[in-house]
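Single-structure report; data block below.
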Amino acid sequence: MKTDRLIDTLVAEAQPVRRLRPPLVRAGLWLGGAAALIAGITLFHAHVEGESLRHLFGQFADPGFTLQWFASLATGITAIIAAFELSLPDRSRAWRLLPLPAVAAWLLLIGYGCLTDWVERGPDGWVAGHSLKCLGTIIGTSVPLGAFLAWMLRFAGAAWPVETITVGALGTAALSATGLSLYHDLDASLMILIWHGGTTALIVWASRTIGQRVFRRA
Amino acid sequence: MSERAEQERDTGQGRELARLMAAAQDGDKRAYATLLQAVTPYLRAQARRYLRNPHDVEDVVQDILLTLHRVRQTYDPTRPFMPWLVAIARRRVVDRLRGKGRQDAREVIVPPDDETFTGAAANMEEEAPDHSALHAAVAALPPGQRLAVELLKFQDLSLKEASERSGMTVGSLKVAAHRAYKTLRGVLSGHRDEDERG
């Protein structure tokens with residue numbers, strides 16, 4: 001097809017479009033939706049397990065837990081903001097660096113937790129058992145959140161698809177881990193590192209791989 | 001043109017494109033057509049910097065226009081238009097180059113086994129001779145000579161048959177043919193010399 005004919009076709013097809021709202025507003029909307037979903041799951045868990053919310057939030061008495069929780073929350077929020085910025089063609093690629101400080105803090109805090117566990121409990125504290133439930137819950141929360149995010153970021157293929165997918169998946173997984181911390185106890189920090197950190201890395205890796213294939217085909 | 005004047009011109013153009021794009025988002029088809037026609041030569045020039053094959057260049061330009069169309073709601077009219085367009089164009093060019101890289105990696109280069117001669121020219125298929133110069137030279141001959149060549153060479157008649165057909169004697173046919181060959185040889189060899197010089 002000749003380029004001139006393509007232009008004629010595009011012009012003939014061009015219907016008025018609604019401009020996207022600013023990325024921060026859209027990120028806020030998505031985060032609101034994610035908060036509602038996570039709050040819903042937390043309440044459901046509290047109901048099913050017959051525990052009061054006070055019990056769920058009791059862990060905040062532990063400063064180590066509180067710091068980790070806020071670090072994972074910050075990772076989620078900054079990564080989601082970065083994803084919405086990167087999904088637009090004319091925004092700086094440097095946005096992808098936005099979640100890095102929070103990710104570093106999160107991993108450091110979990111790592112520090114592992115170290116104190118070692119000091120307090122010795123090697124026994126490290127084998128606190130496995131928790132496939134964590135994996136399932138993080139993936140289970142991440143999939144609907146990720147699908148909603150993918151729909152909101154559907155124009156990202158135009159400029160930085162892989163970067164957008166990476167930070168988007170990081171944000172989704174980090175927020176799922178944040179929610180999970182509220183309703184699912186883990187005995188040791190190493191388990192948190194393995195299940196939260198590991199699942200987050202797995203989700204980011206899988207999303208990147210799938211995303212690259214999808215965009216390559218498109 | 002001074003650098004400043006150039007910058008001012010670019011800013012003016014950028015502003016005009018931003019205005020056209022905003023109008024296109026609101027459904028103004030004429031503005032959209034003007035915009036796409038205005039950016040196409042620029043996109044083609046950019047694509048040519050990375051791709052040599054004219055087909056690839058045109059493909060990637062169309063690819064950019066299609067993407068621009070698909071994501072036109074992502075443009076924010078309060079921001080400059082060119083960075084938005086350039087980011088889309090760059091992504092499409094990079095994807096095209098990567099696609100070519102993958103294609104090259106999958107395709108096997110067949111060694112030139114069919115080439116059997118050391119001289120490169122000897123392996124080329126011989127081109128069909130160009131008869132147009134000969135026909136032109138024959139057409140330019142005097143009528144008697146032209147008739148002799150046509151009957152004896154093009155129609156492959158014998159002297160006797162040609163003599164009967166033309167009414168010329170065998171002797172005059174021979175003389176006319178001889179003169180015609182001489183003239184043709186002169187004309188055609190001169191022509192070839194010219195070709196070689198050019």
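The values are calculated or read from the model by the stated rules, or taken from the named source; none is laboratory data. Given the structure is predicted, the values throughout are model-derived calculations rather than measurements. Cβ atoms come from the backbone with ideal geometry, glycine included; neighbour counts cover every protein chain shown. For accessibility, only protein heavy atoms count, side chains too; no ligands or nucleic acids. Shrake-Rupley method; radii C 1.70, N 1.55, O 1.52, S 1.80 Å.
The residue list A:LEU109, A:LEU100 contains one member that is more than 14 Å from chain B (Cβ to nearest Cβ), under 16 Å from A:LEU170 (Cβ atoms) and without any contact (Cβ under 8 Å) to a residue 60 or more places away in the chain, which is A:LEU100. A count restricted to segment A:157-200 and to residues that are modelled with pLDDT under 80 and farther than 20 Å from A:GLY32 by Cα stands at 19.
Beta carbons closer than 7 Å, at least 6 apart along the sequence or on distinct chains, pair a first residue in segment B:18-41 that is more than 17 Å from B:THR67 (Cβ to Cβ) with a second that is assigned to a helix (DSSP H, G or I) and not aliphatic (A, V, I, L, M) for B:ALA18/B:PHE81; B:LEU20/B:THR34.
Could you tell me whether any residue of segment A:61-75 is open to solvent by 30 Å² or more (accessible area, probe 1.4 Å) and closer than 29 Å to A:ARG154 by Cβ? Yes, because at least one residue in segment A:61-75 is open to solvent by 30 Å² or more (accessible area, probe 1.4 Å) and closer than 29 Å to A:ARG154 by Cβ.
Look at (1) under 22 Å from A:ARG154 (Cβ atoms); (2) surrounded by 19 or more Cβ atoms within 10 Å (Cβ to Cβ) and you find that B:ARG98 fails only one, number (2). The number of residues in segment B:56-75 that are more than 7 Å from chain A (Cβ to nearest Cβ) and either β-branched (Val, Ile, Thr) or open to solvent by 20 Å² or more (accessible area, probe 1.4 Å) (or both) comes to 8.
The set of residues from segment B:43-55 being open to solvent by 20 Å² or more (accessible area, probe 1.4 Å) and within 13 Å of another protein chain (Cβ to nearest Cβ) comprises B:ARG44, B:PRO54, B:HIS55. Within segment A:1-46, the set of residues being within 8 Å of chain B (Cβ to nearest Cβ) and assigned to a loop (DSSP other than H, G, I, E, B) comprises A:MET1, A:ALA14, A:GLN15, A:PRO16, A:VAL17, A:ARG18, A:ARG19, A:LEU20, A:PRO22. Scanning segment A:114-126 for residues that are part of a helix (DSSP H, G or I), among the small types (Gly, Ala, Ser), farther than 15 Å from A:THR200 by Cβ and at pLDDT 80 or above turns up nothing. Inspect segment B:80-92 for any residue being outside any helix (DSSP H, G or I) and either polar (S, T, N, Q) or more than 31 Å from the chain's Cα centre (by Cα) (or both) and give the result as yes or no. Among the residues of segment B:80-92, at least one is outside any helix (DSSP H, G or I) and either polar (S, T, N, Q) or more than 31 Å from the chain's Cα centre (by Cα) (or both), which makes the answer yes.
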